[in-house]
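Heads up, the thing below is written out as structure tokens.
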């Protein structure tokens, strides 16, 4: 008899229990979530960190030299726009020179690293010496007449 009382009670109260659980469930679920993302203005997009300590070298011709940037046309025909800072040093051979002493269209090697905002920064610009003589190889011994 007691068993039938509990069964009758559950059948009468089950719609009420179901309704209360549906009303309370969304509020309990939202409280379990917490914050998502990094809270950035870009909608939670993550920005990669610069590669610290990695330096690459680009070989090509100096196309443009301004106060804040320089442009190099690489041997692979890629145009590199590089940031110029107070850390950027200019060399001709082994001697440090002023930036304006390097002519446009000069062949240069530029050591590049990534800045904190993921832009390329020129560290060292090395121009070939002006008095460098190019040796031409002959195809064979000189002919005798």
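Read-outs: derived from the displayed coordinates by stated rules, not from any lab. Just so we're clear, the structure is a prediction, and the values are computed from it rather than from any experiment. Every residue, glycine among them, receives a Cβ derived from its backbone with ideal geometry; neighbour counts consider all protein chains shown.
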Open item on the list: Please compute the modelled spin-label separation between residue 76 and residue 49, points set 7 Å along Cα→Cβ, answer in nm with one decimal.
Closed with: 2.7 nm
Open item on the list: Taking 0.36 nm per residue of sequence separation and subtracting the Cα-Cα distance, how much length would be gained by fully extending the chain between residue 66 and residue 115, in nm to one decimal?
Closed with: 15.8 nm
Task: Contact order relative to length of the range 56-127, as percent, for alpha carbon pairs under 8 angstrom and 6 or more apart - done: 35 percent
Task: Paramagnetic reach from residue 100 in the range 54-71 [backbone N under 13 Å; point 7 Å along Cα→Cβ] - done: 66-67
